[in-house]
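Student: Got a structure here, written out as structure tokens. Questions coming.
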Amino acid sequence: YGERSGGIRTYLEAKAAWARRSGAIEHHLVVPGRREGGGEQRHELPSLRLAAANGYRMPLGGAELQVLLRDLSADVVLLHDPYWTPQGTTRAAHEAGSLVVAVHHSSVAMQAAGLPGPPWLYHRGLRRWYRRAYAEVDAVMSVVDPRKDSGRAAALPLRLGLDPAFKPQIGVHRGDHVLYVGRLSREKGVHELLEAAAASPRPWPLVLRGSGGAESALRAHARRLGIEDRVRF
């Protein structure tokens with residue numbers, strides 16, 4: 001989650017907006033922010049900026065988070081970040097009487113692909129971390145099978161929606177290009193998308209819309225593949 005990040009921020013804020021409109025649940029969003037505070041149902045805790053490209057921030061410890069969870073005494077805590085003191089956070093939530101659901105957004109392989117160096121260097125350490133992080137939660141929610149990474153099966157499916165802007169519109173002509181919208185980073189598979197464009201017998205245009213640390217590498221990759229005239233950032 002960050003000021004300019006993509007999918008997870010969109011997902012969380014869409015859920016918060018639905019909760020406000022419907023009144024079906026009381027929903028609190030706790031994120032790393034610029035300062036402590038944020039609002040009645042949005043809580044920003046102290047953090048340091050980690051990546052300027054997308055505004056990701058690193059939380060400064062977990063003490064404030066654990067105090068907040070005890071104060072909120074939520075029915076259910078959805079733990080989206082497995083790196084923000086997950087064991088201490090889970091225990092604090094349990095002390096407040098909350099159930100804890102770990103949300104498994106991706107795989108160890110995808111996480112490792114976004115780190116510098118050969119991805120296999122990180123697999124064992126990341127898998128060990130995930131297993132510790134999920135050891136004491138009450139359930140795991142996932143869009144993929146998390147057993148290989150976390151040692152836990154998904155008790156709940158993670159259902160992701162599609163914004164109406166991406167659905168075919170009656171009377172709107174569909175172009176012949178391929179559009180990618182999201183963070184420009186290696187684990188998103190954008191390098192593979194460039195390679196698919198180069199391998200395709202049809203020279204369809206490719207539009208990449210987003211920001212991220214891999215932008216310069218993607219531009220260089222498009223030049224190496226000889227398709228820079230077909231790719232627009």
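Student: Return yes when residue 128 is modelled with pLDDT of 90 or more, farther than 21 Å from residue 45 by Cα and assigned to a helix (DSSP H, G or I) and no when it is not. Outline the logic, then answer.
Tutor: Numbers: modelled with pLDDT of 90 or more: yes; farther than 21 Å from residue 45 by Cα: yes; assigned to a helix (DSSP H, G or I): yes.
Criteria met by residue 128.
Student: Could I ask something else about it? How many of the residues in segment 178-206 are assigned to a loop (DSSP other than H, G, I, E, B), open to solvent by 40 Å² or more (accessible area, probe 1.4 Å) and modelled with pLDDT under 90?
Tutor: The first filter runs over segment 178-206 and keeps only residues assigned to a loop (DSSP other than H, G, I, E, B), leaving 182-185, 189, 200-205.
If we keep only those that are open to solvent by 40 Å² or more (accessible area, probe 1.4 Å) as well, we get 183, 201-205.
Those left that are additionally modelled with pLDDT under 90: 183.
Residues meeting the conditions: 1.
Residue by residue, here is whether (1) in contact (Cβ under 8 Å) with a residue 24 or more places away in the chain; (2) in a loop (DSSP other than H, G, I, E, B); (3) exposed (fewer than 11 other Cβ atoms within 10 Å of the Cβ) holds:
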| residue | (1), (2), (3) |
| --- | --- |
| 118 | no, yes, yes |
| 132 | yes, no, no |
| 137 | yes, yes, no |
| 159 | no, yes, yes |
| 174 | no, yes, yes |
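Student: Can you work out which of the residues in segment 218-233 that are surrounded by 15 or more Cβ atoms within 10 Å (Cβ to Cβ) and under 24 Å from the mean Cα position of the chain (by Cα) is nearest to residue 186 (Cα to Cα)?
Tutor: Taking the candidates together, the pick is 218.
Student: Do you know which of the residues in segment 55-90 that are of a type in the set (D, E, K, R) and under 21 Å from residue 156 (Cβ atoms) is surrounded by the fewest Cβ atoms within 10 Å (Cβ to Cβ)? Reasoning before the result, please.
Tutor: Taking segment 55-90 and keeping what is of a type in the set (D, E, K, R), we get 57, 64, 70-71, 75, 81.
Checking the rest, the ones that are also under 21 Å from residue 156 (Cβ atoms) come to 75, 81.
Working: 75: 10, 81: 19.
The extreme case among them is 75.
Student: Given 98, 73, 142, which one is among the polar types (S, T, N, Q) and within 17 Å of the chain's Cα centre (by Cα)? Show your work before the answer.
Tutor: Values: 98 fails: within 17 Å of the chain's Cα centre (by Cα); 73 fails: within 17 Å of the chain's Cα centre (by Cα).
One residue alone meets the criteria, 142.
The values are calculated or read from the model by the stated rules, or taken from the named source; none is laboratory data. All figures in this text were calculated on a predicted structure; none of them were measured in a lab. Glycine also receives a Cβ, built like all others from the backbone with ideal geometry; neighbour counts cover every protein chain displayed. Protein only, heavy atoms only, side chains kept; ligands, DNA and RNA dropped before computing areas. Shrake-Rupley method; radii C 1.70, N 1.55, O 1.52, S 1.80 Å.
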